[in-house]
Amino acid sequence: MSDLKQQKCVPCHGNDPALTLIEIEQLKPQIPGWSIVEKQGQLQLEKIYKFSDFQQAITFTNAVGNIAEDEGHHPALLTEWGKVTVSWWTHAINGLHENDFIMAAKTDEIYAKR
Ligand SMILES: C[C@H](O)[C@H](O)[C@H]1CNC2=NC(N)=NC(=O)C2=N1
């Protein structure tokens, strides 16, 4: 399988099935440090990134927002002093799609290159 962070999100209109638990377990090793959490009955990818002040956290938040707009796939972002909590899931299917793993990998790349 090619590197997730090099992939583009595919349009998801709610017809695709959510990933199965087996598919999720197969993809998870490619996004180390991300947790699978269940919120309001939906599986989501979640990761907390650490920073040394608020400015760095908000700069990272904006960079993640920019790739979300580029890819047409949007996260939940909680920006606090010194940390940003990023959550990816696919609203259209109330669950996880490969797009979420692609975006998680791209989020890690932004953090690594900041
Ligand atoms: C029309 C538009 O592409 C859709 O509403 C997109 C926008 N961004 C999205 N982001 C996420 N995370 N899930 C979606 O289902 C979704 N749908």
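The values are calculated or read from the model by the stated rules, or taken from the named source; none is laboratory data. Because the structure is predicted, anything quoted here is derived from the model rather than measured. When we count neighbours, we look across all protein chains shown, and the Cβ atoms used for this are built from the backbone with ideal geometry, even at glycine. With ligands, DNA and RNA removed, areas are computed over all heavy atoms of the protein, side chains included. Shrake-Rupley method; radii C 1.70, N 1.55, O 1.52, S 1.80 Å.
Between Q40 and T85, what is the label-point separation in nm under the 7 Å Cα-to-beta-carbon projection?
Each label point is offset 7 Å from its Cα along the Cβ direction, giving 1.4 nm.
Enter the angle in degrees (range 0 to 90, nearest 10) between the Cα long axis of helix 54-71 and the first principal axis of the Cα atoms of the chain, meaning the one along which they spread out most.
The answer is roughly 30 degrees.
Name the residue farthest towards the positive end of the dipole of the chain from the options W81, A92, G33, assuming +1 on Cβ of Lys and Arg, -1 on Cβ of Asp and Glu, about the Cα centre.
W81
Over the chain, what is the mean sequence separation of C-alpha contacts under 8 Å (at least six apart), divided by residue count, expressed as relative contact order in percent?
37 percent
Suppose only helical runs count, i.e. DSSP H with n ≥ 4. What mean residue ellipticity at 222 nm does that imply for the chain under -39500 (n - 2.57) per run, divided by all residues and rounded to the nearest 500 deg cm²/dmol?
Per the formula, -11000 deg cm²/dmol.
Count the lysine pairs in the chain whose Cα atoms lie under 23 Å apart, taking only pairs 8 or more positions apart in sequence or on different chains.
28
At 1.4 Å probe radius, can you tell me the per residue accessible area of the chain in Å²?
That works out to 57 Å² per residue.
Given points 7 Å out from each Cα along the Cα-Cβ axis, report the E69 to L21 separation in nanometres with one decimal.
About 4.0 nm, to one decimal.
Over all directions, the average projected area of the alpha-carbon convex hull for region 18-112 comes to how many nm²?
Taking a quarter of the hull surface, the average projection is 5.7 nm².
Which of the GluC sites (Glu not before Pro) found in region 1-99 are in a DSSP loop and have at most 11 neighbouring Cβ atoms, other than their own, within 10 Å? Intermediate values should be presented prior to the final figure.
Working: sites: E23, E25, E38, E46, E69, E71, E80, E98; in loops: none.
The qualifying sites: there are none.
Treating the beta-carbon of each Lys and Arg as +1 and of each Asp and Glu as -1, no other charges, what is the dipole magnitude of the chain about its Cα centre, to the nearest 20 debye? Write out the running numbers ahead of the final one.
Working: 10 positive and 15 negative charges, 64 e Å.
It works out to roughly 300 debye.
Separation between the A92 and R114 pseudo-spin-labels, each 7 Å from Cα along Cα→Cβ, expressed in nm?
2.9 nm
If you plug each phi of region 97-113 into the Karplus form 6.51 cos²θ - 1.76 cosθ + 1.60 with θ = phi - 60°, what whole-Hz ³J(HN,Hα) values come out, in order, with x for Gly and Pro?
Values, residue by residue: 10, 4, 3, 5, 5, 4, 5, 4, 5, 5, 5, 4, 5, 4, 5, 5, 9 Hz.
Within the chain, what whole-number % of the accessible surface is contributed by carbon and sulfur, with the 1.4 Å probe and all protein chains included in the calculation?
Working: 3360 of 6450 Å².
The value for the chain is 52 percent carbon and sulfur by accessible area.
Sort out for me the Cα centre separation of region 67-94 from region 1-59, rounded to whole Å.
Their Cα centres are 9 Å away from one another.
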